[in-house]
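K.L.:
Sharing a structure below in structure tokens format, with a few things to ask.
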Amino acid sequence: MPLSTKRQAEATKDTAEALTRTVVALDAGNRFIKWIDASGRIQCIPSYYKKVEDWEDAEASETSIVIEHGGDRYTIGSDAQYQAGSATFEDDKCQLVKLLGLVAIEPKAGQNQVIIEDLRIMLPDSRKADSVSHLKRLEGSITFKRNGVDVYTMVKRVSPIDETKPAYRYALANGLFRFPKKHLGVIDLGGGTGIARLYTPTGTIIRQADCILPGTFALAQRIAAALKPEMDYSPDLGLIMDAIEANEFTYGTTGKPFQAHFEKARQQWLDEIRNKVKTAWASYWSELAEVLIVGGSAPLAQRFEVMTNGRFKVAPNPQTIALRGMLQ
């Protein structure tokens, strides 16, 4: 067989053995990195990363991924958090997107090749060319190691998706809005920041009504400020947010309770969110039918349902609704 024919045959064989995925969805949030794996299951790991030196250990687990790429090795997830790695909310996630994107690119067990037709990644604003350019770095052929396994992948297209849009689409498709042909809002409350967006009855984002909101990072800052006079050091914001997430309200392993500080700080935080939203949406307030609250911090805003007689409501499974919506 001529050499060129042999190479074509090998290339055809390689493609035939590769797993082809039509859509891969990645939601690299400020608190958690979420994606849907090759078996269709939602995966969720803490949004921390750490570059691992040659002399350091890095172990993969259900909540930790080890990535080797470009001569560097990283641990991402809970192990990075335990090893005092960096929280992604402290950095520009668009700068980190190639590393975080590799977390979601995985073949099925026993395979090491994957072809992705469309890699969908959420970001705050798809109109920002510099942010989109960072995402596009994931397009093309990429070779890396994921948990010690060599992975050969081809990403044909990276699609940036505006935050709140997947949740909006999912809510429409699944009947979560009672008045779907009216002006609707989505508030996405995350760790680093939140965002509130309005949609016209035809599904267009009303850009002038976009509103950036404080996330649980700001809530934790309020609590830390109240705790500091009671401690000999500055409280760690990550530990405070972890305790809020676990509904424990105790600082780390110190046994120091902070629920009283939390309740006061949460009310101040919710008041700030409400005021910002009402100001940004003032021109559309009389036309606004419903607002869906999503994101990992959405349960902390449950009081809005009572305050608005259900006009504002927390979505079912608020942590993963956007990820599910990215598949539609």
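The values are calculated or read from the model by the stated rules, or taken from the named source; none is laboratory data. Since we're looking at a predicted model, the values are computed, not measured. All Cβ positions, glycine included, derive from the backbone under ideal geometry; neighbour counts span all protein chains shown. Heavy atoms of the whole protein, side chains included, go into the accessibility calculation; ligands, DNA and RNA do not. Shrake-Rupley method; radii C 1.70, N 1.55, O 1.52, S 1.80 Å.
K.L.:
Could you grab me the full set of residues in the stretch 191-246 that are modelled with pLDDT of 90 or more and polar (S, T, N, Q)?
P.N.:
Thr200, Thr202, Thr204, Gln208, Thr216, Gln221
K.L.:
Next question. For Asp150, only one of the following conditions fails: (1) in contact with a helix residue (DSSP H, G or I) (Cβ under 8 Å, 6 or more places away or on another chain); (2) within 22 Å of Thr75 (Cα to Cα); (3) without any contact (Cβ under 8 Å) to a residue 40 or more places away in the chain. What is its number?
P.N.:
(1)
K.L.:
Exactly one condition in (1) open to solvent by less than 20 Å² (accessible area, probe 1.4 Å); (2) within 15 Å of Ile33 (Cα to Cα); (3) at pLDDT 95 or above; (4) not aliphatic (A, V, I, L, M) is false for Arg120; which is it?
P.N.:
Among (1) open to solvent by less than 20 Å² (accessible area, probe 1.4 Å); (2) within 15 Å of Ile33 (Cα to Cα); (3) at pLDDT 95 or above; (4) not aliphatic (A, V, I, L, M), Arg120 violates only (1).
K.L.:
Which is part of a loop (DSSP other than H, G, I, E, B), over 14 Å from Val158 (Cβ atoms) and either in contact with a His (Cβ under 7 Å, 6 or more places away or on another chain) or at pLDDT below 90 (or both), of Ala58, Ala109?
P.N.:
Ala109
K.L.:
If you don't mind, another one. Residues in the stretch 213-223: is at least one among the aromatic types (Phe, Trp, Tyr), surrounded by 12 or more Cβ atoms within 10 Å (Cβ to Cβ) and outside any helix (DSSP H, G or I)?
P.N.:
The answer is no; no qualifying residue exists.
Residues are listed down the side, and each one gets a yes or a no for (1) farther than 30 Å from Leu172 by Cα; (2) of a type outside the set (A, V, I, L, M):
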{"position": "Thr250", "(1), (2)": "yes, yes"}
{"position": "His261", "(1), (2)": "yes, yes"}
{"position": "Ile273", "(1), (2)": "no, no"}
{"position": "Trp281", "(1), (2)": "no, yes"}
{"position": "Val294", "(1), (2)": "no, no"}
{"position": "Ala298", "(1), (2)": "no, no"}
{"position": "Gly325", "(1), (2)": "no, yes"}
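K.L.:
Give me a count of the residues in the stretch 140-186 that are closer than 17 Å to Gly295 by Cα, open to solvent by 70 Å² or more (accessible area, probe 1.4 Å) and part of a loop (DSSP other than H, G, I, E, B).
P.N.:
Of the residues in that region, 0 qualify.
K.L.:
Here's something else I'd like to know. Kindly provide the set of residues from the stretch 37-60 that are more than 18 Å from the chain's Cα centre (by Cα) and surrounded by fewer than 15 Cβ atoms within 10 Å (Cβ to Cβ), ordered by number.
P.N.:
Of everything in the stretch 37-60, those that are more than 18 Å from the chain's Cα centre (by Cα) and surrounded by fewer than 15 Cβ atoms within 10 Å (Cβ to Cβ) turn out to be Ser39, Lys51, Glu53, Asp54, Trp55, Glu56, Asp57, Glu59.
K.L.:
Could we say that Phe89 is exposed (fewer than 14 other Cβ atoms within 10 Å of the Cβ) and of a type in the set (A, V, I, L, M, F, W, C) here?
P.N.:
The answer is no for Phe89.
K.L.:
Take the residues in the stretch 285-328 that are on the phi > 0 side of the Ramachandran plot and over 17 Å from the mean Cα position of the chain (by Cα), then tell me which one is surrounded by the fewest Cβ atoms within 10 Å (Cβ to Cβ).
P.N.:
In this case the residue turns out to be Asn309.
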